[in-house]
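Structure first, commentary second.
The values are calculated or read from the model by the stated rules, or taken from the named source; none is laboratory data. All values derive from a computational prediction rather than experimental measurement. As a convention, Cβ positions derive from the backbone with ideal geometry for all residues, glycine included, and neighbour counts pool all protein chains shown.
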Amino acid sequence: MTVFIASLFLPYTVNFHVENSRYRAVQAAPATVNAGADSTPPQPNGGASLFQNQTAKPQKGLTPGATTDHERIFTSNPDQEEPEDHSYFSLAPIPEHSQSQLLTESEAHSPAWGATTSLNQPKPQTLVSPSPSILKHQDPVLPHKETIAPKTPEAKPAAFSSAVNKPELTGRKQSFSRADWTIETAEQGNGGLRNAVRSAKETGYLGELMWVGTLGMPTDALVKYTRKEIAERLEDEYSSLTVFVSDGDFDGHYTHFCKTILWPVFHYQIPDNPKSKAYEDHSWIYYVKLNQAFAERIAKNWKRGDSIWVQDYHLLLVPAMLRKMLPDAQIGFFLHIAFPSSEVFKCLAPRKELLEGILGANLIGFQTDEYCRHFLQTCSRILCVEATNDGIQMEDRFINVGTFPIGIDPTSWDKRRKAADVERWVDTISDRYQGKRLIVSRDKIDSVRGIRQKLLSYELFLNTYPEWADKVVLIQVATSTTEQPELEATVSDIAMRINSTHSTLAHQPLVFLKQDLAFPQYLALITVADALMITSLREGMNLTSHEFVYCQDGSYGDKKYGSLILSEFTGSASVFGNHALLVNPWDYRQCSEAIYTALTRDETKRKEVWKELHRAVLQNSTANWVKSFNETLIRVWNEQSSREIMAVPRLSVPRLMEKYRQSHRRLMIVDYEGTLASWGSPRSIILTTPQRAIITLTELTDDPANIVYVMSSRMPEEMERLFRQVNHLGLIAENGCFVREPDSDEWVNLADKNSIENWKTAVSPILAYFKIRSEGSWIEERHCSLVFHHGSAEDRASAARLAAECADHINDACAGHGVHAIPVEGALIVETPNTNKASAAANVWKWALESSKKSEELSKPDFLLIIGDNREDEPVFRWANKLEDAKAVDCAMTVTLGSRSTEARATLTQGVTGVLTCLQQLAASAEPKPTPPQ
């Protein structure tokens, strides 16, 4: 079995060795700084491209307003040579079988921090930006024609060197087609994901795997033969399937749609400011095309039994595309970034398409319960589907949704921390800041990292506690890889003001490093720090905080058990809980007090808190993430596959009749609407049951060996009217809330009457509010439920959306009342989830067993038949199947009508007619059996 891991960027890319400097290209910008949680940075400038030189040059030098040169140790260190071996934190181009020895870049950094290497790669062809006209945005960008002559037998080079003198190759293509090239580690990509996969591979948990992604560089300049050679080598030696798309398609997908539209919205930053052109950028077509290219590449290589893991928001449409091509594939989707509330998500124009794309998966994973809940609510409100705690119930299938927080790989970190270069940097930093308390932080200068809020909070701390001004240093590493001049200017002003106000000739309270760090520097910095401060305004999972906690065990020096100041808006806040100093980045006073608490805690308290943080890091390791996600995907796929209508056999009537004749006592429970009779209008004053159904039920109940019940969502008085002509018939009303035994006039109420009255009081005003907003809708009050009918509303589409919103509101606001709102076609049913047809059937079974104990003439039921047709019957199917699996009954047959995902173990396709015909055959085939001894 192969696990396909689809991520936008492969862990590898290509470096071309072009002799002529005229063809040397600029290195592609790293797409990730916080790779474990946020796979790409925001890019407000829609004109910037991954393929252009958008990497900001590190602006090294003194901090604005600085009075000392302490930060120079991070920019140059003449006394020490930088170690050349970074192999622990790189994916070196070696054969796949040796990759288990390596560790990819951690969350917040690239594999070669501070290195000046650059890859020689093709420059982009002239890119055509998406048309600003919504009328023309569907027009595809024309691919650039290859300037080569028609193929001839001689034109196919045996090796790259043989193409040097081919006259048919011109311009940039000629240079790259004749150049030697090597496979190199890709700097852009999801480092947290790569670490998780590498760790699982190293421990043997993941067997054969195949990465699927792009090279992260322009490819239009490459001839087809070069692309083929690159793809073949990556597949054979690096277990990587390369997805080639045109430069224009990639730019429209990544720079315009992902960065400019999806990223801000998923991080609660709706681009509605006057300068934003996000919603004039009609790049949706490019997003679809790239997702389609991924789906086709995977489908072409997939084999039965393989598993597919689709990663992150770049590929939201891939699960549904794959589901269409591979109906029985095992597909998991995991979102590494935050998922916003429904109010924010619905601002996206293709909101339905994006949700439907994700719902093609069998399992959908998120970093936190909050993101899970947001997704369920969004699906409920926008798609008008039923959202449960476990997932989404569609008409034809169920999709599981779960929480799988990703973490770091402790084993690999232990190896890297033992390196000599790390120890040297620990000594250097400790000596330089001897006697000072260090607060460290590393962020990218963008609108979601909260650097501005952090500096203002630190300034407030220094103003509030001036006695700390010469005792504490905040080292803020701020990488600048995007064009946000206004934010950078604001941050620089604050930094200058802090140092101008609180610095002395011997002390500088803020070191603001507008540059990247080598990894040993970073590791040493979080090792000697007294506190780490994270003030992200929204972040999927901040793995820097996990790395900090793991490095605070006192392995180096005297400093240990540092405090973690963490924004409550990060996914890591849910992992660490109150053991971290959780703060609201917008509350500067709270952040300031958190700094004071972190610096004044005694060692006993720090150690106590650190132990809890450390335990959380170990529990949420990369190995546990892979193991949990993989095991859950396999389990839910097996469960869902067993319910697929393709996997459910058609009912064998001869076998049914044989089991029926061999049995001594039979319990049969048959649904009414849609099973014994076609659906009628719920508003009908005169309700009638087809004569054929009356006759069939009478024939069955006349046999003393049969116990027959009819179940329905109708009220008890309606059921009495419908079946008054049938003797010895048991009735189940209001989906299991009321049960009447055969030959009895008394109804047993299985629901809690007081509880129902309480939730009705809470729910009724909500339904009344939505009824007023939906002209033509009406509310039906039953004894144990309320039904909001909107099928006859004047504007049905609007009414359906209001009903979905109403369901979501009730499930949130009234959850404590033990009530659940379920949207069905044309209506919204509000009822108690604890009482259903399964609980009623369980009581019926119990009574049947008790009656057999009281009478020597009656045996316990040894044959169970359940027939239904919709989702309300699924609980009783599940109950009957478990009864048979537990050997509590000799034969249990569960039968459903129609074609949908079901837990029934047989289907009947002839509808009501088929059910009545089947029951009539059973009644006619019965042979009296002697009662076995008790």
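Quick notes on this one:
- Qualifying residue in region 407-414 (condition: surrounded by fewer than 18 Cβ atoms within 10 Å (Cβ to Cβ) and of a type in the set (D, E, K, R)): yes
- For region 515-627, the helices (runs of 4 or more DSSP H) that sit wholly inside it and include 1 or more residues that are more than 30 Å from the chain's Cα centre (by Cα), under 22 Å from residue 436 (Cα atoms) and at pLDDT 90 or above are 519-528, 588-600, 603-619.
- Residue check for residue 487: touching a residue at least 40 places away in the same chain (Cβ under 8 Å), surrounded by fewer than 23 Cβ atoms within 10 Å (Cβ to Cβ) and either in a helix (DSSP H, G or I) or of a type in the set (S, T, N, Q) (or both): yes
- Only listed residue being touching a residue at least 60 places away in the same chain (Cβ under 8 Å), within 13 Å of residue 458 (Cβ to Cβ), among the hydrophobic types (A, V, I, L, M, F, W, C) and surrounded by 23 or more Cβ atoms within 10 Å (Cβ to Cβ), chosen from 533, 541: 533
- Residue within region 736-752 that is without any contact (Cβ under 8 Å) to a residue 40 or more places away in the chain, within 18 Å of residue 668 (Cα to Cα) and either in contact with a Ser or Thr (Cβ under 7 Å, 6 or more places away or on another chain) or among the aliphatic types (A, V, I, L, M) (or both) present: no
- Restricting region 717-758 to residues that are within 27 Å of residue 817 (Cα to Cα) and aromatic (Phe, Trp, Tyr), the residue that is surrounded by the most Cβ atoms within 10 Å (Cβ to Cβ): 738
- Residue match in region 410-431 (condition: under 30 Å from residue 372 (Cα atoms) and among the acidic types (Asp, Glu)): no
- Test for residue 873: is it acidic (Asp, Glu), in a helix (DSSP H, G or I) and closer than 26 Å to residue 771 by Cα: no
- Number of the exception - residue 732 against (1) at pLDDT below 90; (2) within 15 Å of residue 839 (Cα to Cα): (1)
- Those helices (runs of 4 or more DSSP H) lying entirely in region 154-252 with at least 3 residues at pLDDT below 80: 171-177
- Residue tally, condition within 29 Å of residue 640 (Cα to Cα) and among the charged types (D, E, K, R), over region 836-861: 1
- Checked against the criterion of being at pLDDT 95 or above and among the hydrophobic types (A, V, I, L, M, F, W, C), the candidates 401, 422, 385, 426 yield just one match: 401.
- Among the conditions (1) surrounded by fewer than 18 Cβ atoms within 10 Å (Cβ to Cβ); (2) of a type in the set (Phe, Trp, Tyr); (3) more than 30 Å from residue 786 (Cβ to Cβ), residue 863 misses just one, which is (1).
- Only a single criterion out of (1) touching a helix residue (DSSP H, G or I) at 6+ places or on another chain (Cβ under 8 Å); (2) assigned to a helix (DSSP H, G or I) is not satisfied by residue 493, namely (1).
This table checks each residue for (1) within 19 Å of residue 919 (Cα to Cα); (2) modelled with pLDDT of 90 or more.
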residue	(1), (2)
851	no, no
855	no, no
863	yes, yes
869	yes, no
878	no, yes
882	no, yes
887	no, yes
891	yes, yes
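- Within region 454-471, residues that are aromatic (Phe, Trp, Tyr) and buried (at least 24 other Cβ atoms within 10 Å of the Cβ) have Cβ atoms under 7 Å from residues that are part of a helix (DSSP H, G or I) and modelled with pLDDT of 95 or more in these pairs: 458/595; 461/592; 461/595; 461/596, counting only partners at least 6 apart in sequence or on another chain.
- Test result for residue 227, in the same structural domain as residue 375 (by TED's automatic domain parsing) and free of Cβ contacts under 8 Å to residues at least 40 places away in the same chain: yes
- Neighbours by Cβ (under 7 Å, 6+ apart or cross-chain): first from region 342-365, touching a residue at least 24 places away in the same chain (Cβ under 8 Å); second among the basic types (Lys, Arg): 342/381; 345/351; 360/323
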